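In what follows, a structure is listed as structure tokens, so that the remarks can point back to it.
The values are calculated or read from the model by the stated rules, or taken from the named source; none is laboratory data. Given the structure is predicted, the values throughout are model-derived calculations rather than measurements. Cβ coordinates were reconstructed from backbone atoms using ideal geometry, including for glycine residues, and neighbour counts include every protein chain displayed.
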Amino acid sequence: MSRSTAQKPMTPAQIRARAVEWYDRQIAIIALAHGPSWPEHREWIEAYLKEEIRERLVALGWRPKS
């Protein structure tokens, strides 16, 4: 008896949930790493992470809103 290793594609809601989880996890890790200087860096790091998510979604075939 063989098992199929193919996974069903994720729904848009599942992809969004995973993206939010990834973003929140990254923010928590980076905030700890920056310690007291976190507020100084927060804005540009958040922008960077959001762009990273956008690029990953585009690579999956999503198209950003204009």
- Query: Looking at M1, is it of a type in the set (A, V, I, L, M), at pLDDT below 95 and surrounded by 12 or more Cβ atoms within 10 Å (Cβ to Cβ)?
  - Reply: no
- Task: Look at segment 15-47 and say how many of its residues are out of contact with any helix residue (DSSP H, G or I) (no Cβ under 7 Å at 6 or more places or on another chain), surrounded by 13 or more Cβ atoms within 10 Å (Cβ to Cβ) and aromatic (F, W, Y).
- Result: 1
- Task: Find the residue count for segment 31-66, including only residues that are within 17 Å of V20 (Cα to Cα) and of a type in the set (S, T, Y).
- Result: 1
